[in-house]
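What follows draws every value from the coordinates through simple rules; no lab data is involved. Here the structure is a predicted model, which is why all the values come from computation and not from measurement. Methodologically, a virtual Cβ is constructed for each residue, glycine included, from the backbone with ideal geometry; neighbour enumeration extends over all protein chains shown.
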Protein chains: 2
Amino acid sequence: MSKPPTPHPFDAALALSQDTPGHFTGHTSPAYWNMVGPFGGITAATIVRAIMDHPQRLGEPLSLTVNYAGALTEGPFELQVTPVRTNRSTQHWTVTLLQNDPAGLPVVTTTATAVTAARRETWSQSDTPIPAVPAPETLERRVMFKGVEWLSRYDMRPITGPVPRLWDGGGHTSLTQLWMRDEPARPLDFAALASMCDVFFPRVWLRRATQVPAGTVSITVYFHAGSAALAATGSGYLLGQAQAQEFRNGFFDQTAQVWNQAGVMLATSHQVVYFKA
Amino acid sequence: MSKPPTPHPFDAALALSQDTPGHFTGHTSPAYWNMVGPFGGITAATIVRAIMDHPQRLGEPLSLTVNYAGALTEGPFELQVTPVRTNRSTQHWTVTLLQNDPAGLPVVTTTATAVTAARRETWSQSDTPIPAVPAPETLERRVMFKGVEWLSRYDMRPITGPVPRLWDGGGHTSLTQLWMRDEPARPLDFAALASMCDVFFPRVWLRRATQVPAGTVSITVYFHAGSAALAATGSGYLLGQAQAQEFRNGFFDQTAQVWNQAGVMLATSHQVVYFKA
């Protein structure tokens, strides 16, 4: 008999056990570690996975908001996932992620809300066409910067707006475009799509060409793709585009779009990010 | 002795009583009634008002996500507002809005999360300048359409992308720009700003020139203005701009920006909206 296949690192990071409906336990993953806690995208993905695994879940993810209240520390965590209201075509979720503090008391590290929905065929229209960019196969994979583990979990191919080489304060735009996919390649699902909405390095680094501490406070993802569009995307590259609209008094926003290689808009996303002056 | 001044309709609609910290009761307002429930903006504003009135609140609103789980019915409601985590410069909130169903059992109508934050002077940069548009004084106030009460609570002056006059399926853009302020005029606060992020009629009506049932599922507001910028805005007009990025399978998204007349970006906002084909 052959051994069971080793799970993809993404699935290993999202391994959850559910003791009662909606109560999950998991463990932080060194493979997706950021600087002072897990990569925010893997936390968002964990929440999506938990909702997908809830026995009462109806429909597919439509919107997700994740609020990063405090960095998770290395170790176990628990998730409380509650369907607070189920309608005919939408279902509303609240999620709390908790860890025990050194005294053994539970502390909220993350809150989230989500909506799952039954999608149906309607008039549809894409008003933000995929930008004209070179194909991923013509570009080189680059690691944004060294010493941050989760960056090695993605094949990222910057087109414009890479991490500055010179931190000379000379930035003039916050626009980044890049091709990305899991490394190794993995068929796209809602959890992976949520995670890939958060791969962009802090816009303030690009706009100012200055590296300052920064961290996402809240991210929202709107899923435009249903499972059929995800299946059609498979393990192909996604084009991610991110840009800030306003930097003000210690926080900036970011708007992002994610398309597949066929030019289908899979998700739009927004976040507000803390930065240190 | 003179009578106490009659409150502005907006403040009357937001009247809340707080029996224990974080537990509020209020009542829906006929003045802000939409078609099948309250105007979504007034619900968002009510949540902001409750957070502002919480005795443990620190800092000013930074982000707000409101999920419209079900239409409120005419009558009283209760709000549970909880500061789930307080950090050095940010505080995270969860909010649940409930009404009793005909059997007297509480039902969740709305969920929300919010972050309040201590803002501080930092390097700042506006990357989305206010569009060049005619001044509000040169434009006429128009009521978008008749028979919807809350529309009379705003002075709205469309610049581009008004409600179509001909429902002929001939739409070609989803962009609306308009000047707006409370009617009668009222000094801007965070609650009013949240509400004005939701004044835009459904983008699908404009893009298709077809009037179909539509309703916001989830809205997120990022506040870029602090109280000083709000005070500087006073009761002046705000420029609102809204546009969809993607219409797909019964839902579309909307991105929006709100500036004051001096061109200061006050808020950016996003929502996902249900529509019937």
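What are the semi-axes of the equivalent ellipsoid for segment B:19-140, taken as the square roots of 5 times the Cα gyration tensor eigenvalues, largest first, in whole Å?
Output for segment B:19-140: semi-axes of 30, 24, 11 Å.
Which distances, in nm and shortest first, link the A:Glu78 label point to the same label point in every other copy, taking 7 Å along Cα→Cβ?
For A:Glu78, the other copies' label points sit at 2.5 nm, shortest first.
Roughly speaking, what % of Cα-Cα pairs in segment B:138-190 are separated by over 12 Å, rounded to a whole number? It would help to have the intermediate numbers written out before the result.
Numbers: 968 of 1378 pairs.
The answer is 70 percent, as a whole percent.
Per the Kirkwood definition applied to all pairs of different Cα atoms, how many angstroms is the hydrodynamic radius of chain B?
Over chain B, the inverse of the mean reciprocal pair distance is 19.4 Å.
Treating the point 7 Å from Cα along Cα-beta-carbon as the label, what are the nm separations from A:Ala31 to the other copies, to one decimal?
Spacings between copies for this position, smallest first, are 5.8 nm.
To make sure I understand the rule: partners must be lysines, Cα under 25 Å from the Cα of B:Lys276, and not fewer than 8 residues away in the same chain. Which ones qualify?
B:Lys146
Which of B:Pro102, A:Pro83, B:Val258 sits closest to the plus end of the dipole of the protein assembly as shown, meaning its Cα is farthest towards the positive end, when Lys and Arg get +1 and Asp and Glu get -1 on the C-beta?
Ranked along the dipole, the leading option is B:Val258.
Choose one answer from A:Ala132, A:Ala242, A:Ala114: the residue with the largest mean-square fluctuation in a GNM of chain A with alpha-carbon springs under 10 Å.
Looking only at A:Ala132, A:Ala242, A:Ala114, the biggest GNM fluctuation is shown by A:Ala132.
Where nothing but the Cβ of Lys and Arg (+1) and of Asp and Glu (-1) is charged, how large is the charge dipole of segment B:47-160 around its Cα centre, in debye to the nearest 20?
It works out to roughly 260 debye.
Can you give the relative contact order of segment B:1-133 as a percent, counting alpha carbon pairs under 8 Å and 6+ residues apart?
23
Return the lysines within reach of B:Lys3: Cα separation strictly under 27 angstrom, same-chain partners fewer than 8 residues apart disregarded; answer none if there are no such residues.
Partners within reach: none.
Arrange B:Arg57, B:Arg88 by Cβ neighbour counts within 10 Å, fewest through most, would you?
If I rank by nearby Cβ atoms, fewest first, I get B:Arg88, B:Arg57.
Let me see the P(r) profile for the protein assembly as shown: every Cα-Cα distance counted, bins of 10 Å, each bin given as a percent of all pairs.
Computed distribution, short to long bins: 3, 18, 30, 28, 15, 4, 1, 0, 0, 0.
Take every Cα pair under 8 Å in segment B:119-277 that's 6+ residues apart, average their separations, divide by the length, and report that relative contact order as a whole percent.
Value for segment B:119-277: 23 percent.
Give or take rounding to whole Å, what are the principal axis extents of the alpha carbon atoms in segment B:177-258, in descending order?
42, 23, 17
Mind giving me the nanometre distance, one decimal, between the label points for B:Phe145 and A:Ala132, set 7 Å out from Cα along Cα→Cβ?
3.9
Counting other beta carbons within 10 Å of each residue's own, what order do A:Asp101, B:Asp198 fall into, fewest first?
Ranking A:Asp101, B:Asp198 by Cβ neighbours within 10 Å, fewest first, gives A:Asp101, B:Asp198.
Considering only C-alpha atoms, what is the centroid distance from segment A:100-167 to segment B:17-90, in Å?
31
Counting other beta carbons within 10 Å of each Cβ, put B:Met156, B:Met35 in order, fewest first. Write out the running numbers ahead of the final one.
Details: B:Met156 22, B:Met35 12.
Ranking B:Met156, B:Met35 by Cβ neighbours within 10 Å, fewest first, gives B:Met35, B:Met156.
Two-decimal Rg/Rh of segment B:79-133 from alpha-carbon positions, Kirkwood Rh?
Rg divided by Rh gives 1.26.
Distances longer than 22 Å among the Cα atoms of segment A:133-277: what percent of all pairs is that?
37
Sort shortest first the distances from B:Val148 to its counterpart in every other copy, using label points 7 Å along the Cα-to-beta-carbon line, and give them in nm.
Here the equivalent label points are 4.2 nm apart from this one.
Which of A:Leu239, A:Val221, A:Ala209 sits farthest toward the positive end of the charge dipole of segment A:153-261, with +1 on the Cβ of Lys and Arg and -1 on the Cβ of Asp and Glu?
Sorting the options by dipole projection puts first A:Ala209.
Please list the three semi-axes, largest first and in whole Å, of the ellipsoid equivalent to segment B:147-220, using sqrt of 5 times the eigenvalues of its alpha carbon gyration tensor.
With the √(5λ) rule applied to segment B:147-220, the semi-axes are 24, 14, 11 Å.
Relative contact order (percent) for chain B, with alpha-carbon contacts under 8 angstrom and 6 or more residues of separation?
The value is 17 percent.
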